[in-house]
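Asker: Here it is: the structure, laid out below.
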Amino acid sequence: NAGVTQTPKFRVLKTGQSMTLLCAQDMNHEYMYWYRQDPGMGLRLIHYSVGEGTTAKGEVPDGYNVSRLKKQNFLLGLESAAPSQTSVYFCASSYEREGPQGYEQYFGPGTRLTVT
Amino acid sequence: DQQVKQNSPSLSVQEGRISILNCDYTNSMFDYFLWYKKYPAEGPTFLISISSIKDKNEDGRFTVFLNKSAKHLSLHIVPSQPGDSAVYFCAASERGGADGLTFGKGTHLIIQP
């Protein structure tokens with residue numbers, strides 16, 4: 001049981017290049033999320049998905065697109081990378097629990113992206 | 001506008017003593033609160049959570065207290081151990097968190113031997 005995995009771990013892009021970050025989870029979770037973390041900041045939500053085939057915008061969605069074609073995968077795309085997108089990207093997944101409990105999220109190890 | 005605030009960027013505590021990490025929030029619609037622990041170059045790991053219908057939740061050495069009227073929560077770690085040295089993030093959500101979490105900036109806890 002690998003949990004949440006992210007590919008790649010590191011990447012350097014030039015301004016204007018495109019790339020896709022892959023997140024995979026083997027816990028059969030319905031919900032998946034993409035966050036970014038910048039130095040001295042907390043994690044900020046980019047996009048999320050509440051089920052296969054659905055996506056929604058988070059707090060900082062501009063410059064990113066996502067797709068959830070399969071339940072276990074959530075892809076984050078940068079069509080034209082900018083230096084402001086230099087960050088560490090975290091993927092997370094969660095499931096709904098019974099009772100007055102919320103959605104505990106499980107995080108991947110992160111992808112460190114540098115845009116020059 | 002920051003909805004979740006952790007006003008102490010760092011905290012140093014002696015091994016064996018109590019560590020108290022604080023968090024304030026402004027959004028009265030938040031109904032679920034969580035604490036995550038993060039080591040360098042790793043993803044955050046879930047520590048403990050609390051629903052807005054409770055004011056305390058315990059799990060081993062970790063206790064979270066919620067004061068809804070003050071919009072304040074705190075994480076108590078007793079006793080503090082060297083492995084507790086990490087960055088701790090407070091997070092909150094509406095509707096249980098299905099739509100994602102709002103994080104504070106984190107507090108770097110350092111446990112001194």
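A short reminder: the numbers here are calculations on the coordinates, not readings from a lab. For clarity, every value in this text was computed on a predicted model and none was experimentally measured. Heads up, the Cβs are rebuilt from the backbone with ideal geometry, glycines too, and the neighbour counts pull from every protein chain shown.
Asker: Once you have the Kirkwood Rh of chain B from its Cα pairs, apply Stokes-Einstein at 25 °C and 0.890 mPa s and quote D in µm²/s.
Answerer: Numbers: Rh = 14.0 Å.
For these conditions, the coefficient is 175 µm²/s.
Asker: What FRET efficiency do you get for residue B:15 and residue B:42 if R0 is 25 Å and r is their Cβ-Cβ distance, rounded to the nearest 0.05?
Answerer: Once rounded, the FRET efficiency stands at 0.65.
Asker: Oh, and also: Sum up the charges of everything whose Cβ sits under 15 Å from the Cβ of residue A:19, counting Lys and Arg as +1 and Asp and Glu as -1, but leave residue A:19 out.
Answerer: That sum, taken over residues with Cβ under 15 Å, equals +4.
Asker: Work out the length of the dipole vector of the stretch A:17-116 about its Cα centre, built from +1 on the beta-carbon of each Lys and Arg and -1 on the beta-carbon of each Asp and Glu, and round it to the nearest 20 debye.
Answerer: 200 debye
Asker: Give me D for the stretch A:4-116 in µm² s⁻¹, whole number, from Stokes-Einstein with Rh from the Kirkwood sum over alpha-carbon pairs, 37 °C and 0.692 mPa s.
Answerer: Here the translational diffusion coefficient equals 232 µm²/s.
Asker: Please sort A:40-51, B:90-101 by packing, taking for each peptide the average over its residues of neighbouring beta carbons within 10 angstrom, highest first.
Answerer: Details: A:40-51: 19.7, B:90-101: 22.2.
Peptide ranking by packing, descending: B:90-101, A:40-51.
Asker: Using the structure shown, select from A:14/B:37; B:38/B:71; B:5/B:54; A:9/B:37; A:9/B:56; A:71/B:5 the pairs with a Cα to Cα distance greater than 28 angstrom.
Answerer: Details: A:14/B:37 33 Å; B:38/B:71 24 Å; B:5/B:54 21 Å; A:9/B:37 20 Å; A:9/B:56 38 Å; A:71/B:5 33 Å.
Pairs exceeding the cut-off: A:14/B:37; A:9/B:56; A:71/B:5.
Asker: Further, regarding this structure: Once you place label points 7 Å from the Cα toward the Cβ at residue A:18 and residue A:1, how far apart are they in nm?
Answerer: The answer from the label model is 3.8 nm.
Asker: Taking a ≥ b ≥ c as the square roots of the eigenvalues of the Cα gyration tensor of the protein assembly as shown, is the shape rounded (a/c under 1.5), prolate (a/b larger than b/c) or oblate?
Answerer: Working: a/c = 1.84, a/b = 1.45, b/c = 1.27.
Because a/c hits 1.5 or more and a/b exceeds b/c, the protein assembly as shown counts as prolate.
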